[in-house]
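Trainee: Let me begin by handing over the structure; questions about it come next.
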Amino acid sequence: MTSLAAPRRILGEPLRRIEDIRLLRGEGSFVDNLGLADALHVTFVRSTIAHAKIAGIDCSAAKRLGARVFTAADADFGVFALPPDAVVPFQDPRLFRPFLARDKVRFVGEIVAVVVTESHAAGLDAVELVDVEYDELPVVVDPRAALRGEVILFPDMGTNVVSRAELGSTGGEIFTDCDTVVSGTLVSPRIAPLPLEPRSAAVAIEGGRLTVWLTTQMPNLDRDGFTFFLGLDPANVRVVGGDVDGAFGAKGIGAEEVLVAWAAKTIGRPVRWTESRSESLMAMRQARGQVLAFKLGGSRDGKFSAYKLDVIQDAGAYPFFATYLPVLTGLMASGVYDIPKVEYRSRSVVTNTMTVGPTRGAGRAEAAQAIERAVDLFAAELGMDTAELRFRNMIRSDRLPHTTPTGARYDSGDYAKAVKLTLEAAGYDALRELQRRRREEGAPRQLGIGISAYVEVTNHRVQQEFAAVELTAHGEAILRTGSFSHGQGHETTFAMIIAERLGLPLESVRVIAGDTDQVPRGLGTYASKSAQIGGVSASTVAIELVERARLIVGELVEASADDIVLDRAAGRFHVKGTDVGFTWAELADKLVAEGRLGDLKVDGDHGSDAPTYPSGAHVAVVEVDIETGAVEVHRVVALDDAGTVINPLVADGQVHGGIAMGIGQALFEEVRYDERGTPLSASLASYRVPCAADLPSFELLRMETPTPFNALGVKGIGESGTVGVTPAIQNAVVDALLPFGIRHVDMPITPERVWRAIRGAVP
């Protein structure tokens with residue numbers, strides 16, 4: 001780690017992550033590695049049928065093996081419904097998932113029984129002995145078929161449509177004055193979040209108090225969830241996060257975690273559970289799953305005037321957040337383009353599949369995929385360069401803030417500059433010339449160049465985060481934050497904020513997060529909001545601590561607080577124009593001696609005043625083998641503008657991860673089911689993810705347009721790469737295939753799909 005023995009300005013410095021040292025040494029604290037004496041093991045009996053009535057469950061053989069087996073008849077709670085003050089918008093209570101299926105199962109993997117054994121191996125054996133009798137029902141897995149309503153998952157509702165949304169223009173024909181109109185349908189396929197660490201939970205009980213160790217993104221909200229579901233006093237539940245190896249929106253309290261806690265409470269012994277990779281791919285909340293029908297109209301000289309987007313959202317068997325995700329898609333429907341008339345409609349439908357929820361880029365990634373494909377189709381229709389078409393239609397920086405027809409109020413950015421810088425770095429003109437020569441030669445490997453310009457929303461609900469900072473007896477600082485890292489590097493970036501504000505060395509700041517006994521409240525980390533609420537809150541309480549310290553120093557030296565200044569370079573308070581004063585350590589000594597150290601402790605909840613809108617541009621260069629359909633990504637040039645950057649090294653790491661995930665969706669990843677609802681991608685042998693050999697060295701550019709809506713000027717960065725790169729890759733592949741008359745290839749763009757598209761196009 002870079003030495004900071006002499007305190008100095010460090011915000012914006014590319015400092016190595018503090019947490020990496022212990023993780024690389026194998027000293028991380030993960031739930032599955034937790035030593036928990038006398039712990040029992042939970043194994044779940046999961047439905048092997050996608051849609052059926054439960055005719056009977058025979059647990060006798062498993063019980064003879066010594067297992068404890070619990071079914072819905074044994075449980076004293078009902079459904080996985082959020083607490084009343086946190087209900088997901090548009091959610092009908094009839095759609096809530098039961099913790100244990102009682103009368104019916106609606107997807108393969110739904111929990112039918114809980115088996116508790118002395119060892120994990122015994123649990124695997126006992127699960128095989130639980131005999132469940134099913135009466136199969138018709139199955140629907142395609143959201144378009146679900147929309148037709150031939151198979152109804154919840155008969156008392158009479159429909160599979162569980163939510164609707166309309167934004168922008170409603171009523172009237174918006175394309176009447178358009179000279180040119182293009183349309184198409186894009187499928188944003190289901191993907192698995194696939195964190196390196198699967199879900200895991202361990203629960204100990206002592207004196208009626210539960211301690212839950214959890215792979216999570218939001219420990220405090222999960223504590224509230226356990227309290228709600230199990231009917232406990234909040235003081236009797238503690239949640240500890242520890243180190244979490246990836247989450248991407250899919251970790252936290254769910255049916256499995258509540259059942260583990262319930263088993264511990266019921267039996268009175270520690271209980272633990274860790275899912276297998278196959279179990280994770282089958283039963284962890286999935287993502288995307290949208291069918292997007294788009295229509296873009298404008299003039300022959302390339303000026304857009306109307307855009308329509310119609311979305312069918314696959315919600316899975318139990319909708320949860322999938323009723324809300326399409327709202328984010330609609331909010332960001334028109335992307336970076338100045339389109340006067342925008343019409344958006346969405347319908348979320350249930351299917352006999354695993355629940356769909358938020359994962360990196362939730363809702364916003366799908367919007368970018370649709371509008372960027374529409375723009376490329378429009379360019380192909382006019383015979384215009386795709387970059388030139390984008391420049392003609394982008395919202396100008398001098399028009400920001402800008403409110404779109406669907407209600408997004410963009411804060412700051414320079415969309416055209418981002419594209420210009422990215423094209424220059426990629427050598428766009430030279431790439432087009434190389435492409436032209438290859439086309440003329442009829443080369444077996446054709447070059448494709450894809451452009452994506454995007455804007456997304458972070459902190460959409462305008463929330464605040466808890467932070468508390470205090471001075472220690474040794475003159476160091478402790479920050480307690482409700483934000484919680486699962487790979488984002490908060491331990492480093494938040495320490496940098498505190499060190500900068502207080503004038504302390506980085507190693508003199510300790511960050512505490514993830515333990516509800518240590519941090520009384522907080523939202524956790526999701527939706528790319530940590531810096532703009534957690535970071536801003538940390539900065540605010542640190543500034544308040546300095547002001548409080550100035551008052552105390554003024555008292556001690558008998559001077560006006562207005563005359564006390566903090567020399568951050570030296571970490572020392574002094575009276576203006578004199579050497580009279582104290583370092584933080586000297587001030588701590590004084591306060592300890594007087595029993596007043598507690599006077600230097602500040603807490604509060606702070607954040608942004610409004611949502612922020614990160615933006616950027618990506619250029620992808622691919623080669624497509626015309627004989628085999630294989631796609632090779634040669635270059636990705638990315639500019640992701642997230643406002644003020646606290647630590648460039650950490651920000652770049654977030655972009656790297658986002659780009660890798662976005663390329664995965666474009667080329668490799670898809671959760672698939674057969675017509676009976678059986679998962680076809682329940683292992684890493686059948687669910688393909690990119691490896692290092694599939695990815696080039698990413699070329700990252702930097703541009704910072706601070707937001708005016710928070711004190712740090714920061715926006716979200718965790719999802720930006722995912723939002724930007726997927727359409728760039730898809731556009732690049734289609735661009736390589738344009739000479740064959742091919743205008744679209746569905747994702748994931750596998751060699752087979754490319755090969756079939758070429759063979760179908762060649763006379």
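Trainee: Once the other residues with Cβ under 13 Å from the Cβ of Ala204 are scored (Lys, Arg +1; Asp, Glu -1), what is the net sum?
Mentor: So the surrounding residues net to +3.
Trainee: Using the Kyte-Doolittle scale, find the helices of the chain whose mean hydropathy is at least 0.5 and whose Cα atoms extend 24 Å or more along the helix's long axis, counting only whole DSSP H runs.
Mentor: Those that clear 24 Å and a mean of 0.5 are 536-557, 648-667, 720-737.
Trainee: Something else: For segment 711-756, what number results from the quotient of the Cα radius of gyration and 2.2 N^0.38 Å?
Mentor: Segment 711-756 yields a ratio of 1.65.
Trainee: Further question on the same structure: Starting from the exponent 0.38 and prefactor 2.2 Å, build the expected Rg for the chain from its residue count and divide its actual Cα Rg by it. Don't skip to the end; give the middle numbers.
Mentor: On the way: Rg = 27.5 Å, N = 763, 2.2 N^0.38 = 27.4 Å.
Expressed relative to 2.2 N^0.38 Å, the Cα Rg reads 1.01.
Trainee: If each of Glu424 and Arg94 carries a label point 7 Å out from its Cα toward its Cβ, how far apart are those two points in nm?
Mentor: Computed distance between label sites Glu424 and Arg94 equals 6.0 nm.
Trainee: Let me make sure I get this right: for segment 26-72, a, b and c are the square roots of the gyration tensor eigenvalues over alpha carbons, sorted descending. Under 1.5 in a/c it's rounded, otherwise prolate if a/b > b/c, else oblate. Which is it? Could you put the intermediate results ahead of the total?
Mentor: On the way: a/c = 4.43, a/b = 1.82, b/c = 2.43.
It is oblate, given that a/c is not under 1.5 and a/b is not larger than b/c.
Trainee: On a 31 Å Cα-Cα criterion, which of the cross-link pairs Lys104/Lys529; Lys529/Lys601; Lys341/Lys715 come out too long?
Mentor: Among Lys104/Lys529; Lys529/Lys601; Lys341/Lys715, the Cα-Cα distance tops 31 Å for Lys104/Lys529.
Trainee: Calculate, for Glu150 and Asp674, the FRET efficiency according to 1/(1 + (r/R0)^6) with r their C-beta to C-beta distance and R0 22 Å; round to the nearest 0.05.
Mentor: 0.80
Trainee: In units of 2.2 N^0.38 Å, what is the alpha-carbon radius of gyration of segment 676-763?
Mentor: 1.56
Trainee: Let me ask something else about it. Does segment 544-591 classify as rounded, prolate or oblate by the C-alpha gyration tensor (a ≥ b ≥ c root eigenvalues; a/c under 1.5 gives rounded; else a/b over b/c gives prolate, otherwise oblate)?
Mentor: rounded
Trainee: If we count every other residue with Cβ under 12 angstrom of Val645's Cβ, Lys/Arg +1 and Asp/Glu -1, where does the sum land?
Mentor: Every neighbour counted, the sum reads -3.
Trainee: Can I ask one more? Within 10 Å of each candidate Cβ there may be at most 14 other Cβ atoms; applying that plus a DSSP loop requirement, which GluC sites (Glu not before Pro) in segment 141-233 survive?
Mentor: Passing both the DSSP loop test and the Cβ count: Glu150, Glu173.
Trainee: Between Arg277 and Leu434, what's the calculated FRET efficiency when r is the beta-carbon distance and R0 is 30 Å? Round to 0.05.
Mentor: FRET efficiency, Arg277 to Leu434: 0.10.
Trainee: For all pairs of alpha-carbon atoms in segment 558-706, what percent lies in each bin of width 10 Å, listed from the first bin to the last filled one?
Mentor: Pair shares across the bins are 8, 21, 18, 17, 14, 11, 8, 3, 0.
Trainee: Give a quick list of trypsin sites (Lys or Arg not before Pro) in segment 512-598 that DSSP marks as loop, anything other than H, G, I, E or B, with at most 12 other Cβ atoms within 10 Å. Please list the in-between numbers first.
Mentor: Working: sites: Arg521, Lys529, Arg548, Arg550, Arg568, Arg572, Lys576, Lys590, Arg596; in loops: Arg521, Lys529, Arg568, Lys576, Arg596.
Here the sparse-neighbourhood loop sites are Lys576, Arg596.
Trainee: Ok, one more. Rounded to two decimals, what is Rg over Rh for segment 260-338 when you use alpha-carbon atoms and the Kirkwood radius?
Mentor: Working: Rg = 21.5 Å, Rh = 16.8 Å.
Result for segment 260-338 is an Rg/Rh of 1.28.
Trainee: In angstroms, what radius of gyration and Dmax does segment 353-426 have, counting Cα atoms only?
Mentor: Here Rg and the maximum Cα pair distance are 15.1, 46 Å.
Trainee: Kirkwood hydrodynamic radius for segment 486-539: how many Å is it when counted over pairs of different Cα atoms? Intermediate values should be presented prior to the final figure.
Mentor: Details: mean 1/r = 0.0847 Å⁻¹.
Final number for the Kirkwood radius of segment 486-539 is 11.8 Å.
Trainee: Using 0.36 nm per residue of separation minus the Cα-Cα distance, give me the extension gain between Glu388 and Val592 in nm, one decimal.
Mentor: Roughly 66.8 nm would be gained on extension.
Trainee: Then there is this: Roughly how many Å² is the accessible area per residue of segment 213-279, as a whole number, for a 1.4 Å probe?
Mentor: The answer is 27 Å² per residue.
Trainee: Give me the distance in nm between label points sitting 7 Å out from Cα along the Cα-to-Cβ direction at Lys601 and Thr628, one decimal.
Mentor: 6.4
Trainee: Given a 1.4 Å probe and every protein chain left where it sits, what share in percent of the accessible area of the chain is carbon and sulfur?
Mentor: 50
Trainee: In addition: Per residue, what accessible area does segment 325-421 have, given a 1.4 Å probe and all protein chains present, in Å²?
Mentor: Computed with neighbouring chains in place, this is 25 Å² per residue.
Trainee: Right, next: If R0 is 45 Å, what FRET efficiency do you get for Arg548 and Ala37 from their C-beta distance, rounded to 0.05?
Mentor: 0.50
The values are calculated or read from the model by the stated rules, or taken from the named source; none is laboratory data. Being a predicted model, the structure only gives us computed values, none of them experimental. Heads up, the Cβs are rebuilt from the backbone with ideal geometry, glycines too, and the neighbour counts pull from every protein chain shown. These accessible areas exclude ligands, DNA and RNA; they are computed on the full protein's heavy atoms, side chains included. Shrake-Rupley method; radii C 1.70, N 1.55, O 1.52, S 1.80 Å.
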